[in-house]
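The values are calculated or read from the model by the stated rules, or taken from the named source; none is laboratory data. Values in this document were obtained by computation on a predicted structure and should not be read as measured data. Positions of Cβ are generated from backbone atoms using ideal geometry, with glycine treated the same way; all protein chains shown enter the neighbour counts.
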Amino acid sequence: MRKIVIAIDGYSACGKSSTAKNVAKELNYRYIDSGAMYRAVTLYFLDHLVAITNCKEVEKAIREIQLSFRVNAKGVSELFMNGINVEKDIRKMRISENVSPVSALKEVREAMVAIQRKLGKEKGIVMDGRDIGSVVFPHAELKIFLTADILVRAFRRQKELLQRDDLVDIDTIVENLNSRDQIDSTRKESPLVKSDDAILIDTTHITIDEQVDEVVRLAFSRIVRSV
Ligand code: DC
């Protein structure tokens, strides 16, 4: 069967990662969480006190960062930065609070997009993010754009954080999601936009399983069409 590229974009906490992960599993495709890459860069910048207003410092830091995805024993893709598993650290609130300004930097985006395009060369990939269908893979065979009510998204994110023993109140999460949506959608470099050819799915009233089924159904229709 011919393999395709599936791009899943949308607002923060709409279930992009869960959907992408499960769709990849169903199709036996590779799953890449592009947001994890921007989160890892943010972790590095915070830990190394990189001033994001200083281009030279930013460029130097980017050269020092090596990112790779490795599949663990449970078949889950995990991000390593300079050989260290950063999956846990990059999901913390302090990263969510700082990631949008870092991901708005041209130097950061260029470096991440180059890695993402390399990963997608062989096709058979599901990548989620903000600019996957619009910039990274403008010719992706299937583009999905997810959206959902802000409170539903906030409660889903709170539950996720709780599972990692991170108790954050709902107002803080709503504020963070709104602020990230605002920065992500209005930044100069590759803002979050729905491409004309992306299919909009509102996940407010549907379960993850329903989201996954719908994307897999659409994927099969594209695979058949592209043969
Ligand atoms: O998907 P996420 O919430 O883990 O992403 C974290 C941040 O990274 C998000 O606020 C915007 C940025 N991002 C981006 O700019 N481009 C992408 N392709 C993916 C994420």
Top-ranked residue in the stretch 1-54 [being away from the ligand (no atom under 11 Å from the Cβ) and among the basic types (Lys, Arg); ranked as farthest from GLY83 (Cα to Cα)]
ARG2
Might you let me know whether the stretch 170-188 holds any residue that is buried (at least 16 other Cβ atoms within 10 Å of the Cβ) and among the hydroxyl-bearing types (Ser, Thr, Tyr)?
no
Going by what's in this entry, would ARG180 be described as at pLDDT below 95 and within 17 Å of GLY35 (Cα to Cα)?
yes
Wholly within the stretch 20-96, which helices (runs of 4 or more DSSP H) include no fewer than the required count, namely at least 2 residues that are among the aromatic types (Phe, Trp, Tyr)?
34-47
Residue list for the stretch 143-157, filter: crowded, with 19+ Cβ neighbours inside 10 Å, of a type outside the set (A, V, I, L, M) and assigned to a helix (DSSP H, G or I)
ARG153, ARG157
Pick out the one residue from ASP213, ASP166 that is modelled with pLDDT of 95 or more and surrounded by fewer than 17 Cβ atoms within 10 Å (Cβ to Cβ).
ASP213
For the condition farther than 22 Å from LEU218 by Cβ, modelled with pLDDT under 95 and surrounded by fewer than 21 Cβ atoms within 10 Å (Cβ to Cβ), what is the one hit in GLU64, GLU97, GLU59?
GLU97
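Looking for something over 18 Å from SER96 (Cβ atoms) and within 19 Å of the chain's Cα centre (by Cα) - is there at least one such residue anywhere in the stretch 156-173?
No, the conditions are met nowhere in the stretch 156-173.
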How many residues are part of a loop (DSSP other than H, G, I, E, B), within 16 Å of the ligand (Cβ to nearest atom) and either at pLDDT 95 or above or within 17 Å of the chain's Cα centre (by Cα) (or both) if we restrict to the stretch 183-206?
10
I'm checking my understanding of the structure. Among residues of the stretch 102-119 that are small (Gly, Ala, Ser) and assigned to a helix (DSSP H, G or I), which one is nearest to ASP47 (Cα to Cα)?
SER103
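Each row is one residue, and each column tells you yes or no for (1) under 21 Å from SER18 (Cα atoms); (2) within 12 Å of the ligand (Cβ to nearest atom).
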residue: ARG70; (1), (2): yes, no
residue: ALA73; (1), (2): yes, no
residue: SER77; (1), (2): yes, no
residue: ARG94; (1), (2): no, no
residue: PRO101; (1), (2): no, yes
residue: GLN116; (1), (2): yes, yes
residue: ASP131; (1), (2): yes, yes
residue: PRO138; (1), (2): no, no
